[in-house]
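Data block below; observations after.
The values are calculated or read from the model by the stated rules, or taken from the named source; none is laboratory data. It should be emphasised that the depicted structure is a prediction, and the values quoted were computed from it without experimental measurement. Cβ atoms come from the backbone with ideal geometry, glycine included; neighbour counts cover every protein chain shown.
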Amino acid sequence: MSRDSSRREFLTGRSAAKALADAHDALAVPLPSPRAAADTWLTQISREAMACEFEVLLDAKKYPGGPDAAVETLDLVESLEAQLTVYRDTSEVSRLNQRAFAEPVVLEQRLFELFMQAKELWKATEGALDITSGALTKIWGFYRRQGRMPSDAEVAEALANVGSQHLELDTSRNSVRFLVPGLEINLGAIGKGHTLDRCAELLFSRGIQDFIIHGGNSSVLARGVRGQESRVRDQEPGIEADSPSSPQPPVPSPRLPWSIGLRHPLRPEQRLAEFILHDQALGTSGSGSQFFHHQGKRYGHIIDPRTGWPAEQVLSATVIAPTAAESDALSTAFYVLGLEGAKSYCEEHTEISALLVTQKGAGVKLHPVNLSDEKWRAV
């Protein structure tokens with residue numbers, strides 16, 4: 001819901017229902033549950049940030065202070081965007097890009113921890129996830145969302161300035177230094193996930209344990225449950241009701257988890273799969289919205305930082321992980337690595353699940369990895 005939506009709409013949850021009904025064009029979106037209790041007030045509050053829309057959904061009846069906490073959460077999103085973006089010269093990451101080859105730059109504690117996490121993921125994915133690939137994004141034109149075909153010389157020059165091995169992190173000072181000139185940080189593959197994790201921390205600190213947050217079409221974090229189904233109690237044998245029409249009191253039934261829909265990478269109007277999330281995050285990467293054609297070939301915006309060329313092994317990669325930073329980053333890494341690389345990673349990290357989609361003739365083929373049947377289904 002935008003800031004100027006009526007407070008009455010957002011407190012009754014009608015804006016949330018409309019948003020969910022209209023959200024079929026997103027890669028990954030919360031799905032309405034027809035079994036949810038009638039008195040669940042699912043409230044949705046949203047704001048544009050990081051070139052997308054961030055949304056918080058929670059039960060305003062269970063958490064009367066939830067709407068205020070959600071607004072506070074979206075304020076945090078704006079402050080983190082001001083820190084992480086490379087599209088503002090005043091951001092902490094932009095200042096780092098400007099100075100870190102000349103001298104070590106001290107970072108705010110949580111931002112430095114994010115750099116540490118990103119470098120560990122770079123090692124674990126054998127370079128498929130690399131936050132130092134800003135130069136590649138620029139030569140391919142995707143920095144300004146205007147794809148272009150670079151020359152081989154441009155690719156080679158950019159590659160010389162890419163690689164987290166050139167990123168020196170000093171834990172004693174929380175400082176970062178670039179070991180080569182021209183290296184550029186871009187947190188596009190992990191920044192939204194990090195932001196969702198920070199939002200979850202804030203909501204927890206306000207006593208809210210059941211919610212879902214998503215950032216744009218690619219990153220979702222779910223905590224707790226959506227609600228609880230109420231069912232009519234079965235009449236016990238041999239006991240008559242007061243009257244034939246006497247309603248029986250509801251009995252508690254299993255708490256309803258959050259369900260997430262995934263759209264088809266080739267036919268965006270269709271839903272491809274659904275996932276069940278409980279205290280997990282989901283990230284999806286694909287090049288369905290950012291690409292260009294050159295001499296009859298399609299080039300997507302996700303660049304393999306090891307080769308300098310767009311990855312093209314899969315149509316989309318969806319990852320479920322304990323944190324949104326992991327699911328966000330690993331969905332990009334798995335898109336680059338392809339099916340075998342994703343399987344290899346998940347064999348060593350059993351807490352990670354994935355669904356990769358590949359082309360099969362005019363259609364697609366789904367490849368679940370570490371994904372149990374009760375956690376997902378094809379649509």
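What to note about this one:
- Which numbered condition residue 220 misses (of (1) at pLDDT below 70; (2) under 21 Å from the mean Cα position of the chain (by Cα); (3) aliphatic (A, V, I, L, M)): (1)
- Between 168, 184, 154, the distinction of being acidic (Asp, Glu), in contact with a helix residue (DSSP H, G or I) (Cβ under 8 Å, 6 or more places away or on another chain) and modelled with pLDDT of 95 or more belongs to 184 only.
- Scan segment 147-165 for residues that are polar (S, T, N, Q) and farther than 23 Å from residue 124 by Cβ and the total you get is 1.
- Of everything in segment 329-346 that is free of Cβ contacts under 8 Å to residues at least 60 places away in the same chain and among the small types (Gly, Ala, Ser), the residue that is nearest to residue 281 (Cα to Cα) is 342.
- Hits in segment 130-146 - residues which are surrounded by fewer than 19 Cβ atoms within 10 Å (Cβ to Cβ) and not in a helix (DSSP H, G or I): 141, 145, 146
- Every pair of residues 6+ apart whose Cβ atoms lie under 6 Å, when the first sits in segment 86-105 and is touching a residue at least 60 places away in the same chain (Cβ under 8 Å) and of a type in the set (Gly, Ala, Ser) while the second is surrounded by 16 or more Cβ atoms within 10 Å (Cβ to Cβ) and part of a strand (DSSP E or B): 100/176; 100/177; 100/178
- Residue 105 vs. criteria under 22 Å from the mean Cα position of the chain (by Cα), crowded, with 19+ Cβ neighbours inside 10 Å and under 17 Å from residue 176 (Cβ atoms): no
- Taking segment 305-379 and the strands (runs of 3 or more DSSP E) fully enclosed by it, the elements with 1 or more residues that are under 14 Å from the mean Cα position of the chain (by Cα) and buried (at least 24 other Cβ atoms within 10 Å of the Cβ) are at 316-321, 353-360.
- Residues in segment 70-96 that are surrounded by fewer than 20 Cβ atoms within 10 Å (Cβ to Cβ) and among the small types (Gly, Ala, Ser): 79, 82, 91, 94.
- If you go through segment 94-126 and keep only what is farther than 15 Å from residue 186 by Cβ and not in a helix (DSSP H, G or I), you end up with 101, 102, 103, 104, 105, 106, 107, 108, 125, 126.
- Scope segment 335-379; condition within 15 Å of residue 263 (Cα to Cα) and among the aromatic types (Phe, Trp, Tyr); matching residues: 376
- Every pair of residues 6+ apart whose Cβ atoms lie under 6 Å, when the first sits in segment 49-76 and is on the phi > 0 side of the Ramachandran plot while the second is charged (D, E, K, R) and modelled with pLDDT under 95: none
- Picking from residues in segment 254-308 that are more than 30 Å from residue 160 (Cβ to Cβ) and among the aromatic types (Phe, Trp, Tyr), the one that is modelled with the highest pLDDT is 275.
- Residue tally, condition over 17 Å from the mean Cα position of the chain (by Cα), within 30 Å of residue 95 (Cα to Cα) and not in a helix (DSSP H, G or I), over segment 54-84: 0
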